[in-house]
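Input: a single structure, listed below in structure tokens.
The values are calculated or read from the model by the stated rules, or taken from the named source; none is laboratory data. Since this is a predicted model, take the numbers as computed values, not measurements. Counting neighbours? That spans all protein chains shown, and the Cβs are built from the backbone with ideal geometry, glycine included.
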Amino acid sequence: MAVESLAASPASPLTVARRPPVRQRAEFPLLSVVVPTYNEAANIGPFLEALRAGLDSIDGGAYEVIVVDDASPDGTGEVAAGISTGWPSLRVVRRAGERGLGSAVVRGWQIARGDLLATINADFQHPPSILPEMFLKIENADLVVATRYAAQGSVGRFPLHRQLLSASARQVGAFLVPKVFRRVSDPLSGCYMFRRQAIEDIELRPTGFKTLIEVLARGRVENVEEFGYTMQERRSGRSNVRLRHWFAYLGQLRRIRRELQRRRS
């Protein structure tokens with residue numbers, strides 16, 4: 001079972017490099033999907049199976065999936081590594097030296113080889129089958145966002161208290177950084193796809209769980225498409241969101257607000 005080691009220093013910038021020169025890209029995948037995990041051993045097998053079923057239809061299978069696991073004590077990384085032995089497009093990375101979903105996603109993009117980058121969580125709340133459909137929409141866009149709030153979108157049976165928390169988070173974001181939050185109906189989405197050049201050579205600074213607002217605030221994103229989906233219930237286990245993540249989110253919003261104000265001055 002092959003598990004890559006990603007031992008980046010927490011002090012190293014979260015910057016995605018430019019694509020290699022064209023002459024070196026013949027065997028590179030078109031799409032790189034990063035799946036951040038922590039204690040998802042019960043979900044990761046069925047999730048990857050469902051993800052593969054959809055992605056194999058993409059442009060002759062020109063994709064890679066990168067599972068970035070934060071040394072899950074439940075053995076998530078080992079389960080994923082076992083699957084990778086029969087799936088050459090799957091890379092499994094065990095991260096050391098730092099933790100957190102946001103930075104895990106960007107570290108995955110840093111080692112990704114695709115011209116298109118994406119992320120999706122392994123808890124099934126975003127159906128894996130939506131990625132091929134998002135791939136079709138990105139032909140005329142810089143960014144495609146899976147959203148609960150667009151046409152054909154729904155929060156499903158998401159618990160009421162979580163709906164209220166999500167609504168509050170969106171309202172606070174719309175107040176502090178309206179320029180970012182007006183661009184999409186679901187700026188807190190954890191599933192989206194975009195062109196690599198939108199963020200290459202730009203340092204991202206996600207704190208907590210929210211990476212899309214970093215891409216929207218700091219990236220070269222002009223044309224945005226949305227893909228409505230129905231949010232599903234977590235298949236197994238419990239959410240990794242904790243109170244500290246909401247404090248980190250508020251700090252992230254304040255930082256982005258200051259940066260946008262400096263740009264205008």
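Farther than 23 Å from Gln232 by Cα and among the hydroxyl-bearing types (Ser, Thr, Tyr), is that true of Ser129? No. Summed over region 19-55, residues that are touching a helix residue (DSSP H, G or I) at 6+ places or on another chain (Cβ under 8 Å) and either among the hydroxyl-bearing types (Ser, Thr, Tyr) or modelled with pLDDT under 90 (or both) total 4.
Within this structure, Leu14 passes the test of being touching a Lys or Arg at 6+ places or on another chain (Cβ under 7 Å) and under 23 Å from Tyr249 (Cα atoms).
Residues checked against (1) of a type outside the set (Ser, Thr, Tyr); (2) in contact (Cβ under 8 Å) with a residue 24 or more places away in the chain; (3) in contact with a strand residue (DSSP E or B) (Cβ under 8 Å, 6 or more places away or on another chain):
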| position | (1), (2), (3) |
| --- | --- |
| Glu64 | yes, yes, yes |
| Thr85 | no, yes, no |
| Val92 | yes, yes, yes |
| Val106 | yes, yes, yes |
| Trp109 | yes, yes, yes |
| Leu136 | yes, no, no |
| Arg148 | yes, yes, yes |
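Going residue by residue through region 203-216, is there one that turns out to be among the charged types (D, E, K, R), crowded, with 20+ Cβ neighbours inside 10 Å, within 13 Å of the chain's Cα centre (by Cα) and assigned to a loop (DSSP other than H, G, I, E, B)? Yes, that holds for at least one residue. Restricting Ile44, Ile83 to those that are part of a helix (DSSP H, G or I), surrounded by 14 or more Cβ atoms within 10 Å (Cβ to Cβ) and more than 19 Å from the chain's Cα centre (by Cα) reduces the list to Ile83. Of all the listed residues (Arg94, Arg107, Arg52), the sole one being in a strand (DSSP E or B) and crowded, with 17+ Cβ neighbours inside 10 Å is Arg94. Within region 196-215, the set of residues being under 16 Å from Arg254 (Cβ atoms) and either free of Cβ contacts under 8 Å to residues at least 40 places away in the same chain or of a type in the set (A, V, I, L, M, F, W, C) (or both) comprises Ile213 only.
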